[in-house]
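The values are calculated or read from the model by the stated rules, or taken from the named source; none is laboratory data. Owing to the predicted nature of the structure, the values given are computational and were not obtained by experimental measurement. FYI the Cβ positions are ideal-geometry reconstructions off the backbone, even for glycines, and counts take in every protein chain you see. Protein only, heavy atoms only, side chains kept; ligands, DNA and RNA dropped before computing areas. Shrake-Rupley method; radii C 1.70, N 1.55, O 1.52, S 1.80 Å.
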Amino acid sequence: MRPIQVKPGIYWVGGIDWNLRYFHGYVTPRGTTYNAYLIIDDKITLVDTVKHYLFDEMLNRIKEIIDPARIDYVVSNHVEMDHSGGLPQIMEVAPHARIVTSPQGKKGLQRHYKKDDWDFMVVKSGEELNIGARTLKFVHVPMVHWPDSMVTYVPEEKLLLPNDAFGQHIASAGRFDDEVGWDIVREEASTYYANIVLPYGDNVLKALDVLAQLEIDTIAPSHGVIWRSYIDKILPVYRRWASNETEPRALIVYDTMWDSTKRIALALQAGLEDAGVPVTVRFLQTSHISEIMTDLLVSKAVLIGSPTLNNGMLPTVSAFLTYIKGLRPKKRFGFAFGSYGWGGQGAREVAAAMQAMGLEMPLEVINIQYLPDGRELESVSDAGRKLGELITLK
């Protein structure tokens, strides 16, 4: 693919990874892109780079436009190596370029790459850099999602270059949102948010308040497609996600050994649906935890079930709980259930883990010995109906 013009004189020159299927602990069935943007002005500027093994792709695209040695500035919005991985090589071909980054960005880049000869320009939040006909304005957005994170704004073009914010993992021939379609872009944006950005909702809201003061008609993130047609749709969605606003729906996640816990899960589903609550059911042996996070992002209640194995929960359930603990979902109901042969610790451990996360646990744990009978399953369905009533009230 050749470089793509985003605005007159501003080009996408990134790399496409069609084969990526795993990123930071979650699955990426559509691959991804590592986006970099070249701005042609009096001072030629490259905003972000690519993962190291796609450097040649980026360089070839740059060469179609200019001699890379002419680059004056390289803006590093974020230290993480999927965006800074090509920095050492670009500094070799553009040895006179200055690296523009945040104070934390400089510390991170120096620590990671151990380059004492790089020329850094450290910018404060709100600081501007004139490059000719255009101005670059830098806004620090710490912990969205690293301490060094910042966004670059080009006011003359109404263009936001927000690095990881508004990103998605999509490898596609189209570079713009309307070339891929709202449904796919929203789905991948939600998966990205749920698995990477969810813990930083308060910081995202602050960043959104700052961005609301800017005129923006194009958002060019560092992963996925560029937003130009669906900005009015994604901004309010992002605000809902950042506010931990959910829908009146439930997510059931479980693993099972001899189908007892599965039967409890299905009885809970029946009760919830009787109460008018839509339910998604995920079996941990067939659903990856990162796919489940997309369901959790919009669900008011998460019900997690495990049988007891070796005086504890199943390892798959433990791994899922560890994963969501780090992502820190808020403003949700939690519910634990399970089955056991003698000890019964599995479901109790699930409940304790959910309580430790701060989830509201309005009902007692369901923990059934051996195979649940018809009477017990009816009681389980009753609990599902009660939880469903609470969900629809909130």
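At-a-glance table
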read-out: Percent accessible area from carbon and sulfur atoms, the chain, protein chains only, probe 1.4 Å; value: 49
read-out: Residue 226 long-range amide H proximity, modeled H, under 5 Å; value: 176, 177
read-out: Distance (nanometres) between label positions extended 7 Å along Cα→Cβ at residue 298 and residue 316; value: 2.4
read-out: By average C-beta atoms within 10 angstrom, highest first, the peptides 193-204, 364-375; value: 193-204, 364-375
read-out: Whether region 150-219 is rounded, prolate or oblate, judged on the alpha carbon gyration tensor where a/c under 1.5 counts as rounded; value: oblate
read-out: Relative contact order of the chain, defined on C-alpha pairs under 8 angstrom at six or more residues apart (%); value: 12
read-out: For region 60-132, convex hull volume per residue from C-alpha positions, Å³; value: 97
read-out: In order through region 125-131: 3J(HN,Hα) via Karplus (6.51 cos²θ - 1.76 cosθ + 1.60), integer Hz, x for Gly, Pro; value: 5, x, 6, 10, 10, 7, 10
read-out: Inter-site label distance for residue 378 and residue 27 at 7 Å from Cα along Cβ, in nm; value: 3.9
read-out: Largest to smallest principal axis extent of the C-alpha atoms in region 205-289, angstrom; value: 56, 28, 23
read-out: Amide H within-cut-off set for residue 338, under 5 Å, with H built and near neighbours excluded; value: 306, 366, 367, 368
read-out: Hull shadow area, averaged, the chain [alpha-carbon convex hull, nm²]; value: 19.8
read-out: Residue-wise HN-Hα coupling along region 13-26, computed from phi with Karplus coefficients 6.51, -1.76, 1.60 (Hz; x: Gly, Pro); value: 10, x, x, 10, 10, 5, 9, 4, 10, 8, 8, 6, x, 10
read-out: Calculated from backbone phi, Karplus (6.51, -1.76, 1.60) coupling profile of region 202-214 in Hz, x at Gly/Pro; value: 4, 6, 5, 4, 4, 5, 5, 5, 5, 5, 5, 8, 9
read-out: Mean accessible surface per residue for region 295-353, computed with a 1.4 Å probe while every protein chain stays in place, in Å²; value: 36
read-out: Long-range Cα-Cα pairs in region 237-348 (distance over 16 Å), rounded percent; value: 58
read-out: Cα-based Kirkwood hydrodynamic radius, region 1-140, one decimal, Å; value: 15.4
read-out: Charge sum, other residues only, whose C-beta stays under 13 Å from residue 358's C-beta, Lys/Arg counted +1 and Asp/Glu -1; value: +4
read-out: More than 17 angstrom apart: percent of Cα pairs within region 74-116; value: 18
read-out: Residue 120 long-range amide H proximity, modeled H, under 5 Å; value: 99
read-out: Alpha carbon centroid spacing (whole Å) that separates region 148-176 from region 76-114; value: 18
read-out: Rounded to 10°, Cα long-axis angle of helix 289-298 versus longest principal axis of the chain; value: 90
read-out: Pairs beyond 24 Å (Cα-Cα), from 206/331; 158/206; 124/158; 43/106; 63/137; 262/330; value: 63/137; 262/330
read-out: Length gained when the stretch residue 96-residue 274 is fully extended (0.36 nm per residue, less Cα-Cα span); value: 57.3 nm
read-out: Ellipticity estimate at 222 nm from DSSP helix runs (n ≥ 4, -39,500 (n - 2.57)) divided over the chain, nearest 500; value: -10500 deg cm²/dmol
read-out: Calculated on alpha-carbon atoms, Rg and Dmax of region 27-92 in Å; value: 11.9, 42
read-out: Cα gyration tensor of region 114-191 - equivalent ellipsoid semi-axes, whole Å, descending; value: 28, 17, 13
read-out: Dipole magnitude of region 252-392 about its Cα centre (Cβ charges: Lys, Arg +1; Asp, Glu -1), debye to nearest 20; value: 480
read-out: The chain: antiparallel DSSP beta bridges as a percent of all, rounded to 5; value: 45
read-out: Label point distance in nm, residue 392-residue 121, each placed 7 Å from Cα along Cα→Cβ; value: 6.0
read-out: Neighbour-limited loop hits for trypsin sites (Lys or Arg not before Pro), region 75-169 (at most 15 other Cβ within 10 Å; DSSP other than H, G, I, E, B); value: 114, 115, 124, 158
read-out: For region 65-190, accessible area per residue (1.4 Å probe, heavy atoms of protein chains only), Å²; value: 39
